[in-house]
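Comments concern the structure below.
The values are calculated or read from the model by the stated rules, or taken from the named source; none is laboratory data. Note that the structure is a prediction, hence the values are computed from the model and not measured. Neighbour counts run over all protein chains shown; Cβ positions are idealised from the backbone, glycine included. What goes into the accessible areas is simple: the full protein's heavy atoms, side chains included, and nothing from ligands, DNA or RNA. Shrake-Rupley method; radii C 1.70, N 1.55, O 1.52, S 1.80 Å.
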Amino acid sequence: MENTGLRIEKLTVSVASRKVLKDVSLDVSKGEVVALIGPNGSGKTSLAFTVMGHPNYKVENGRILLHGEDITSLKPHERAYKGIFLVFQSPPDIGGLPVGMFLQEMTTKRGIEASINDINNALLEVGLSDHYLSRNLYEGFSGGEKKRLEFAQALLFKPQILILDELDSGLDIEGVRLLTGKTRELAGSGVGVLYISHNIAALRLLRPNRVVVMMNGGVVAVDGLEILDVIEEKGYQGLV
Ligand SMILES: Nc1ncnc2c1ncn2[C@@H]1O[C@H](COP(=O)(O)OP(=O)(O)OP(=O)(O)O)[C@@H](O)[C@H]1O
Ligand SMILES: [Mg+2]
């Protein structure tokens, strides 16, 4: 049967002639939440950027498949149109535009019908009141507010594959509870989620289907939630 969702096959990737991913394979099927964890610099964000088609990340080997279709050589916007959405670890600062106008332009561009009411509701869902509609994008936004706004975009775009790169870093405890809950809801509606995090408490709330551990650019373990106990007790070195 054809795989529905994201399939990463034996991916080897270099940045500035340095190997950052080595033979990485990973599946995120429809409706599944897969957690991706690992030490700083282990390649998690590199994997997210490679899946999005960031031009700095050169695929030397392997393939990326979406619903069985090879998307390895597609442009970033083509992958976005096919339904892959990334919430950035550090949202880019592109100021100037009011949030409401930005979200309306972004949704229209992607052929999504979203009224200002829908946009307002998406903001409310992530705990941002309507005064954020007229605020300039990211200007003066706190770390947690940026993450909430990024997640609101994910709600509006209704992606098929959602990659969340440290969504929970900078979020307060209510925010973590709210957005891990929403992430689960999205998975419940069929979205495949790759959830990158250092936050063990958030991962326990999220209850991912699988936990994938990366170290030094490679996958070193794929396990259930119980692997978090080992890491909490012994650190990542406890796995090797
Ligand atoms: N554009 C780049 N130029 C040079 N090195 C890079 C570049 N992008 C990533 N790297 C290197 O690749 C390695 C993996 O980085 P990456 O950001 O993927 O790690 P990470 O697992 O997301 O870490 P963290 O948990 O700190 O977010 C790091 O050593 C990083 O310095
Ligand atoms: Mg990272």
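Before moving on, here are some points about what is shown:
- Residue check, T12 open to solvent by less than 70 Å² (accessible area, probe 1.4 Å), within 14 Å of ligand 1 (Cβ to nearest atom) and among the polar types (S, T, N, Q): yes
- Considering S115, S142, the condition of being at pLDDT below 95, within 28 Å of N199 (Cβ to Cβ) and either surrounded by 13 or more Cβ atoms within 10 Å (Cβ to Cβ) or over 18 Å from the mean Cα position of the chain (by Cα) (or both) is satisfied by S142 alone.
- Answer residue from segment 42-78, given it is away from ligand 1 (no atom under 12 Å from the Cβ) and among the polar types (S, T, N, Q) and is farthest from E9 (Cα to Cα) among those: S73
- Every residue from segment 178-199 that is within 21 Å of I227 (Cα to Cα), away from ligand 2 (no atom under 16 Å from the Cβ) and either touching a His at 6+ places or on another chain (Cβ under 8 Å) or open to solvent by 10 Å² or more (accessible area, probe 1.4 Å) (or both): R184
- Within segment 31-45, the residues that satisfy the criterion of being buried (at least 18 other Cβ atoms within 10 Å of the Cβ) and either among the β-branched types (V, I, T) or without any contact (Cβ under 8 Å) to a residue 60 or more places away in the chain (or both) are V33, V34, I37, T45.
- Yes/no for D172 being in contact (Cβ under 8 Å) with a residue 12 or more places away in the chain and within 19 Å of T45 (Cβ to Cβ): no
- Restricting segment 98-111 to residues that are more than 19 Å from K147 (Cβ to Cβ) and either within 16 Å of ligand 2 (Cβ to nearest atom) or out of contact with any helix residue (DSSP H, G or I) (no Cβ under 6 Å at 6 or more places or on another chain) (or both), the residue that is most open to solvent (accessible area, probe 1.4 Å): K109
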